[in-house]
């Protein structure tokens with residue numbers, strides 16, 4: 001009996017010691033996390049959050065860690081942190097991380113699923129653009145049309161979209177970006193409607209004269225048109 005009591009006391013002390021050690025480690029890594037944020041040390045922030053998630057698992061903290069990975073262009077690590085499956089219980093932040101990371105890893109169909117889930121929670125022109133763009137990429141022109149119409153109607157003058165096809169990234173009016181998509185959509189649906197597609201590119205360039213991608217698309221359409229004219233001759 002004495003031996004049993006001694007063993008119980010020993011185990012209780014071990015449990016208390018472990019709890020105190022964990023508590024001290026949590027305090028340490030919370031302080032470390034705050035310091036790394038002050039210093040702007042992304043790797044340090046990731047290190048701190050990873051340790052905290054091991055010591056004290058938290059879905060909110062996991063989402064934050066995945067978001068930091070995403071912002072650091074570590075898309076695979078972001079998805080390894082929170083997964084790729086669509087879940088109704090996901091936070092808005094988790095869905096955003098999945099959508100952006102999957103798109104960046106050239107997984108348009110999977111990314112589309114996440115962007116639509118986010119749009120259903122927070123309908124806005126920015127998300128409508130992402131969805132329409134991905135739907136055109138995946139061949140769903142019927143689906144893209146409604147999002148483009150919504151975007152052209154609801155995008156305001158202060159809304160911008162970034163493009164990265166040049167060495168130096170640039171921003172243009174979101175409405176101009178939608179007109180560019182409209183032109184691509186028209187041409188993808190019917191290759192004979194080159195003039196109609198060019199007209200949409202002109203609308204985009206009227207709003208944003210320095211819209212490089214729209215200019216390139218217009219040139220490609222005009223080349224296609226001229227080639228067709230020469231063939232007929």
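Yes/no matrix, rows are residues, columns are (1) in a helix (DSSP H, G or I); (2) under 26 Å from residue 201 (Cα atoms); (3) at pLDDT below 95:
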| residue | (1), (2), (3) |
| --- | --- |
| 78 | yes, no, no |
| 87 | no, no, yes |
| 96 | yes, no, no |
| 115 | yes, yes, no |
| 150 | yes, yes, no |
| 161 | no, yes, no |
| 166 | no, yes, yes |
For the stretch 168-195, name all the residues that are within 12 Å of residue 213 (Cβ to Cβ) and in a helix (DSSP H, G or I).
176, 177, 179, 180, 181, 183, 184
For residue 65, indicate whether it is touching a residue at least 12 places away in the same chain (Cβ under 8 Å) and within 14 Å of the chain's Cα centre (by Cα).
no
Run down 200, 219 and say which single residue is out of contact with any strand residue (DSSP E or B) (no Cβ under 9 Å at 6 or more places or on another chain) and closer than 18 Å to residue 151 by Cα.
200
Given the criterion crowded, with 22+ Cβ neighbours inside 10 Å and in contact with a helix residue (DSSP H, G or I) (Cβ under 8 Å, 6 or more places away or on another chain), identify the matching residue among 194, 152, 148.
148
Checking residue 181 against (1) within 21 Å of residue 139 (Cβ to Cβ); (2) without any contact (Cβ under 8 Å) to a residue 40 or more places away in the chain, the condition it does not meet
(2)
Taking residue 129 as the residue in question, decide whether it is surrounded by 17 or more Cβ atoms within 10 Å (Cβ to Cβ), touching a residue at least 12 places away in the same chain (Cβ under 8 Å), touching a strand residue (DSSP E or B) at 6+ places or on another chain (Cβ under 7 Å) and not in a loop (DSSP other than H, G, I, E, B).
yes
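The values are calculated or read from the model by the stated rules, or taken from the named source; none is laboratory data. Here the structure is a predicted model, which is why all the values come from computation and not from measurement. With ideal geometry, Cβ positions are generated from the backbone for all residues, glycine too; neighbour counts draw on all protein chains shown.
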